[in-house]
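The values are calculated or read from the model by the stated rules, or taken from the named source; none is laboratory data. If you're wondering where the values come from, they're calculated on a predicted model, not measured in any experiment. We place every Cβ from the backbone using ideal geometry, glycine too, and count neighbours over all the protein chains shown. Surface accessibility is based on the protein's heavy atoms, side chains included, excluding ligands, DNA and RNA. Shrake-Rupley method; radii C 1.70, N 1.55, O 1.52, S 1.80 Å.
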Amino acid sequence: MHFFLKKGINSEEIVYFCIGLYTYYIIHMKRLYWTLAVVVTVFVVALVGGSFYMLDFSLAPDPNRMDRDSCYRQQFETYPESQEWVDSLQKLNALRDTFLTMPSGERHHAFFVDRGCQRTAIVIHGWRDCAVKFFWLARIYEHELGYNVLMPELHGCGESEGDAIQMGWKDRLDVLHWMKTFQTDTMVVHGVSMGAATTMKLSGEEALPQIKDLRFVEDCGYTSVWDEFAGQLKEQFGLPAFPLMYSTSLLCRLRYGWSFGEASALEQVKKCRYPMLFIHGSSDTFVPTQMVYPLYEAKSGEKSLWVAEGADHAKSYLEHKAEYIDKIRHFTQASQTP
């Protein structure tokens, strides 16, 4: 005030000056608030939209999942040895369509080949796949090793009901239901990719039935849904985990009742009390090969690890057929009961 008076500015002019300064401040602060509000709104809308897109991109079922003919063609072109096996089973009416109602009330489908023995292998398919595409693996157990074979189609896959893929988390409980329904003295659960993650998540369940000899084989499974999705988010879109992974995981919990973080094969393997064989291709980039090592280390008790040289994702058998069969034969030979 004294400064203005020394300059010859009267009090009325000072008041007008202060009012003008305050008005300028208010106007510009309002602009700033509006700008921030617009930026935050755009960010939230983009984040929510991105979360819905990512969740649907990751968990939406294959729209052609009921097209068996296409699945058969792909299977026979890639694994011609499975065609003769399927043809022989179909002639004997031995490849049976089986349906089971899950505790959720949904109707799930499986193929079943019954040799009338007390050894059963449960073969679990991968992400957005169906059982037909894994007949090559079912053939190994039935034709080469003499097992009954059950090939369930997971929630939202093949002919099983469901509106979203569950990445093996809730699927573990569905497979447990299949296991209890088709229980025999000796059982092997063998999954590939998402099926391998399902296998590992199942292996840590306390409610597993009392089976004389129960074994697990996981082929190129991921440590957790979080790790796999975060890796793919960076690989395919160049985006970091924050914030999209967090918002999408929350959305998944709200819509489907589970989150990416809890769907951890690594944590389930730590609780597994049964023998497990870990298989992974050395050139796998979709589920990076390095994921198998913490999984193997986390498993206590009887375990084996085979890293198939030069094999890409889910291609260990395709690149090393004889060795793949030998690895399974050796791993399961202790469970060969009459």
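Per-residue Karplus couplings for the stretch 320-328, computed as 6.51 cos²θ - 1.76 cosθ + 1.60 with θ equal to phi - 60°, are listed in order as 9, 4, 5, 5, 4, 5, 4, 5, 5 Hz, Gly and Pro entered as x.
Net charge dipole, the chain: roughly 980 debye, given to the nearest 20, about the Cα centre with Cβ charges of +1 for Lys and Arg and -1 for Asp and Glu. Protection proxy ranking, highest mean first, for peptides 118-125, 37-44: 118-125, 37-44, where packing is the per-residue count of other beta-carbon atoms within 10 Å, averaged. Give the distance, in whole Å, between the Cα centre of the stretch 87-109 and the Cα centre of the stretch 116-136. That distance is 11 Å.
Quick check on the stretch 65-160: take the gyration tensor over C-alpha atoms, sort the square-rooted eigenvalues as a ≥ b ≥ c, and tell me if it's rounded (a/c under 1.5), prolate or oblate. Note, shape of the stretch 65-160 comes out oblate. Note on Ile27 and Leu318: the model spin-label points, each 7 Å out from Cα along the C-beta direction, lie 6.8 nm apart.
Full extension of the chain between Lys271 and Asp62 yields a length gain of 72.0 nm, computed as 0.36 nm times the residue separation minus the alpha carbon distance.
Fully extending the segment from Glu302 to Gln236 would add 20.1 nm, taking 0.36 nm per residue of separation and subtracting the current Cα-Cα distance.
Rounded, prolate or oblate: which one fits the stretch 208-338, using the alpha carbon gyration tensor with axes a ≥ b ≥ c (rounded when a/c is under 1.5, else prolate when a/b beats b/c, else oblate)?
On the way: a/c = 2.77, a/b = 1.49, b/c = 1.86.
It is oblate, given that a/c is not under 1.5 and a/b is not larger than b/c.
Phi angles across the stretch 48-58 convert, under the Karplus curve 6.51 cos²θ - 1.76 cosθ + 1.60 with θ = phi - 60°, into 3J(HN,Hα) values of 5, x, x, 5, 5, 5, 5, 5, 5, 4, 7 Hz, Gly and Pro given as x.
Taking amide H positions as modeled 1.01 Å from N, with prolines and chain starts lacking one, the residues under 5 Å from Ile124 and 5 or more places away or on another chain are His190, Gly191, Val192. Counted over the chain, the DSSP beta bridges are approximately 30% antiparallel.
Sorting the segments 177-183, 94-100, 105-111 by their mean number of nearby beta carbons within 10 angstrom, highest to lowest, gives 105-111, 177-183, 94-100. For Ala308, the residues whose amide H sits under 5 Å from its own are His280, Gly281, Ser282, ignoring neighbours fewer than 5 places away on the same chain, with H placed 1.01 Å from N. Could you tell me which label, among [x] 154; [y] 185; [z] 133, carries the value of volume of the Cα convex hull per residue in Å³ calculated for this structure? Matching entry in [x] 154; [y] 185; [z] 133: [y]. Distance between the pseudo-spin-label points of Ala37 and Asp87 (7 Å out from Cα toward the beta carbon): 7.3 nm.
Between beta-carbons, use under 9 Å as the cut-off and find the net charge around His108, counting Lys and Arg +1, Asp and Glu -1. Within the 9 Å Cβ shell, the charges total -4. Converting phi to 3J(HN,Hα) with the Karplus coefficients 6.51, -1.76 and 1.60 and the offset θ = phi - 60°, the stretch 26-37 yields 4, 4, 6, 5, 4, 4, 5, 4, 5, 4, 5, 4 Hz in sequence order, with x at every glycine or proline. In this structure, Gln210 and Ala46 have a Cβ-Cβ separation that, at R0 = 45 Å, corresponds to a calculated FRET efficiency of about 0.30.
Expressed as a whole percent, the accessible area of the chain that falls on carbon and sulfur atoms is 57 (1.4 Å probe). Between Arg253 and Thr181, the modelled label-to-label distance comes to 3.2 nm, taking each label 7 Å out from Cα in the direction of the beta carbon.
The slack in the chain from Asp69 to Gln118, taken as 0.36 nm per residue of separation less the alpha-carbon distance, amounts to 14.4 nm.
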